[in-house]
Amino acid sequence: MASPKVAVVGAGVIGLSTALCITETCPSCSVTVLSDQFSPNTTSDVAAGMLIPHTYPDTPIHRQRQWFKETFTYLFAISNSAEASEAGIHLVSGWQVFKSTPREELPFWSDIVLGFRAMSEAELLKFPQHQFGQAFTTLKCDCPPYLLWLEKRLKATGTQMHTSKVADLWELHSEYDIVVNCTGMGAHQLVGDKQLFPVRGQVLKVHAPWVKQFIRDGDGLTYIYPGIHRVTLGGTREKGSWSLCPDAGTTRDIFERCCSLEPSLQGARDIEVKVGLRPSRQCVRVQREVLSQGGVKLPVVHNYGHGAGGFSVHRGTANEAAHLVGECISALKSSSSRAKL
Amino acid sequence: MRVAVIGAGVIGLSSALCIHEQFHGLVPSLELEVYADHFTPHTTSDGAAGLWQPYLSDHGNLQETLWNKETFDYLLGHMHSPASKEMGLFLISGYNLFTEPVPDPAWKNIVLGFRNLTPKELELFPGYSYGWFNTALMLEGRSYLPWLTNRLTQRGVKFFHKKIESFQELFSQGVDVVLNCSGMRSGDLQPDPELQPGRGQIIKVLAPWVKHFIITHDLKSGIYNSPYIIPGSEFTVLGGIYQHGNWSEENSAKDHKSVWDSCCRLLPALQEARIVDEWSGLRPARRSVRLERERIRLGNLQAEVIHNYGHGGFGITIHWGCAMAAARLFGSILQEKKQLATPPGPRL
């Protein structure tokens, strides 16, 4: 197998970063990205792209930590380079505040972000309803810029990108040797994964360029994340809701909650409302599978179910998925050489 | 009681507001006037980036440290109000970078969350081996000065677009007290060899991905002679020029190159930033701020001048503390003139 043909289904942050990792670990592969949506119409484009991990209940912590560390290290290097503004990667400092002191004062990622420490009394005065807080500096991936930058890097390696709706992975078996499933919420339908469920998030993207600090309520429901051109105000976490329609009452509620954390937001302009469905799962599915139908085998690598934490772990899971693609290639090579005996 | 303020930069306008707030209720005859040849957006205060940060050392000048603290606390108190946006006031965090360990600054407990930089953070800044991180405030002159002007106009304070040539000029018109907030040009009103320009040149760029201030220090070159990057609400200011004794307000190509090259070395992504403006200004530098009363004899008149100038590169940082001090001096003048039964403040 001189040049394995790999199809990556999905062009959000997971699909694009996985495709890029595959071109890096397997330069002889020919990679094609297939998706019904590309930036700016992916779920990733709705997200703020903050590197603050979400904890997956059933993924071992050391694995989540490893994914986050790899992702943070990768983006840290980009943020420090001349490409930072094109890639949409920038550092941002701020606070996570809690109405009551959390059980776990030191999250597993506290030593990976920069300068993590408890907030001082003086800092907490700004948040009269909150008793405890954490101050740190982390990274933000602004979309569309980050996705467009990934697309540009992919095109430079010769990766093809096609708009196409894949209704069944078997559609791809004649043209491709390996399929990589990065379909996010689409995996519910595409591979019938009933463990995957949407967690609806509505956000506001506003013009408020004087907001330089992020503020997040530890309950995860209210957050203010300053991006390059817009500030993302959030949000909601509606488990099981499939609606992509913005809700006006929710918009007012989000705005009020954010203004109570940061009163100057009253002066925000150009409010844009967006909705995304976090493709949620008890554990992220990064896994190899060989599909079988009528004697034909199709190697599949799954990389989906990142829920609220896609950006935080994307590069780590992409590396792992690329590694699994490598294993698929080895398996194909050894089975084809066995066939020659 | 006619009070004339000379100068409409941050010092003049804030002193005027402070005095009017404190005394207009107690002195019904109080008439406040502001005279200046430059108003916002053409004052020195408009050119400043607006970052609250004193110099590294207060040289034992505890008074100035206290005024800095008063200003920070006053501004922080306004952070809860929706007016903060109109004032051009917002929180910002950032980095101070050094090539060697230095003692903590006098203002370490005034700002929020002051700490040393971690080794990983220092990786962002090759060539610098030590530094601080803290959260401070930005107060953009281009918003703050109009905001002060609006507050003053609402209070009936009158503005005159006029270059005052001498204190006499105002006293002969019947002004009782003059507040000299004329910054760099104070020497034209009364010679002061201690007042010297600290020329600066800045480049304004569009770099909205920069969310932190970054100020480098070269202890041998002195303050502001090392690159700094300060993101505002619209533009990011690149600077790093401090030329003592240079009166030129013309942009210099050599200084442009020095600022541009050194800032791009600090933040490589700046190479992609679009330059939108360039400006040179004169910091009204003095060994210490001149904030004091002076009695001038004019014939048989006792004319009162309150000097409030010489704030160098920390005018915005110290302005409110100085305005309050100027108001206290004004209060003592009123007492002496028997315009006030007792000084303002809590009655025993």
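The values are calculated or read from the model by the stated rules, or taken from the named source; none is laboratory data. Fair warning: this is a prediction, and the values are worked out from it, not measured in the lab. Glycine gets a Cβ as well: all are built from the backbone with ideal geometry, and neighbour counts include every protein chain shown. Please note that ligands, DNA and RNA were not included when accessible areas were found on the heavy atoms of the full protein model with its side chains. Shrake-Rupley method; radii C 1.70, N 1.55, O 1.52, S 1.80 Å.
Taking θ as phi - 60° and the Karplus parameters 6.51, -1.76 and 1.60, the scalar couplings of region B:36-42 work out to 7, 8, 10, 10, 4, x, 10 Hz in sequence order, x denoting glycine and proline. For region A:16-105, the relative contact order works out to 11 percent when only alpha carbon pairs closer than 8 Å and six or more residues apart are counted.
In sequence order, region A:176-186 has phi-based couplings of 10, 8, 9, 10, 10, 9, 10, 8, x, 4, x Hz under the Karplus curve 6.51 cos²θ - 1.76 cosθ + 1.60, θ = phi - 60°, and Gly or Pro positions carry x.
Proximity of backbone amide H atoms, modeled 1.01 Å from N, is registered between A:VAL180 and A:ALA7, A:VAL8, A:VAL9, A:VAL301 at under 5 Å, excluding neighbours fewer than 5 places apart on the same chain. Taking packing as the residue-averaged number of other Cβ atoms within 10 angstrom, the listed peptides B:41-47, B:312-318 run from highest to lowest as B:312-318, B:41-47.
Shown here for region B:155-213: GluC sites (Glu not before Pro) in loop regions (DSSP other than H, G, I, E, B) with at most 15 other Cβ atoms within 10 Å, namely B:GLU165, B:GLU194. For region A:94-185, applying the loop criterion from DSSP together with a ceiling of 16 other beta carbons within 10 Å to the GluC sites (Glu not before Pro) yields A:GLU104, A:GLU105, A:GLU175. Restricting to Cα pairs below 8 Å that are 6+ residues apart, what does the relative contact order work out to for chain A? Please round to a whole percent. For chain A, the relative contact order is 25 percent. Length gained on full extension, A:ASN41 to A:HIS229: 65.9 nm, using 0.36 nm per residue less the C-alpha separation. The residues of chain A expose on average 40 square angstrom of accessible surface per residue, using a 1.4 Å probe on protein heavy atoms. Residues of region B:194-209 that lose at least 30 Å² of accessible area (1.4 Å probe, protein heavy atoms only) when the other protein chains are present, relative to their chain alone, are B:PRO208, B:TRP209.
For region A:297-340 versus region A:133-176, the spacing of their alpha-carbon centroids is 15 Å.
Among the DSSP beta bridges whose two residues both lie in the protein assembly as shown, what percent are antiparallel, rounded to the nearest 5? If we restrict to bridges inside the protein assembly as shown, about 70 percent are antiparallel. A simple spin-label model places the labels of B:GLU86 and A:ASP111 5.0 nm from each other, with each point 7 Å out along Cα-to-Cβ. Shielding by partners for peptide B:64-77, expressed as the average number of C-beta atoms from other protein chains within 10 Å of each residue's C-beta, is 0.
If you take every DSSP beta bridge fully contained in region A:5-339, what fraction is antiparallel? Give it as a percent rounded to 5.
Here the antiparallel bridges make up roughly 70 percent for region A:5-339.
Hey, got the average number of other protein chain Cβ atoms within 10 angstrom for residues in B:124-136?
Details: counts 6, 1, 1, 0, 0, 0, 0, 0, 0, 6, 0, 10, 0.
Counting Cβ atoms of other protein chains within 10 Å of each residue's Cβ and averaging gives 2.
Put simply, the amide H of B:ILE241, placed in the peptide plane, has neighbours under 5 Å in B:GLN201, leaving out anything fewer than 5 places away on its chain. In terms of distances greater than 26 angstrom between alpha carbons, the cross-link table entries A:LYS5/A:LYS155; A:LYS126/B:LYS69; A:LYS126/A:LYS212; A:LYS152/B:LYS254 yield A:LYS152/B:LYS254.
Under the membrane-span-like helix rule (DSSP H runs whose alpha carbons stretch at least 27 Å along the helix axis, mean Kyte-Doolittle hydropathy -0.5 or higher), chain B yields B:315-336.
Taking the average, over residues, of other Cβ atoms within 10 Å as the packing measure, peptides A:73-81, B:48-56 rank B:48-56, A:73-81 from highest down. Peptides A:37-45, B:152-160, ordered by how many other C-beta atoms sit within 10 Å of their residues on average, highest first, read A:37-45, B:152-160.
Have a look at the DSSP beta bridges in chain B and tell me what percent are antiparallel, nearest 5. So the antiparallel bridges amount to about 70 percent of the total. With axes computed from alpha carbons, what is the tilt in degrees of helix A:61-79 against the longest principal axis of chain A, rounded to the nearest 10 within 0 to 90? Result, in degrees: 80.
Across region A:265-272, coupling constants 3J(HN,Hα) worked out from phi with the 6.51/-1.76/1.60 Karplus curve, θ = phi - 60°, read 5, 3, x, 5, 10, 6, 7, 10 Hz, and Gly and Pro carry x.
Mean partner shielding of peptide A:264-271, defined as the number of other chain Cβ atoms within 10 Å of each residue Cβ, is 3. The alpha carbons of the protein assembly as shown stretch over 119, 52, 40 Å along the principal axes, in descending order. Of the Cα atoms belonging to region A:5-339, the radius of gyration and Dmax stand at 20.4, 72 Å.
Quick one: net charge around B:LYS163, please, counting Lys, Arg +1 and Asp, Glu -1 for every other residue with C-beta under 15 Å from its C-beta. It works out to a net charge of -3. Counting only protein heavy atoms and a probe of 1.4 Å, the accessible surface of the protein assembly as shown is 52% carbon and sulfur. Interface size, chains A and B: roughly 3000 Å² of accessible area buried, both sides included, 1.4 Å probe, rounded to the nearest 100.
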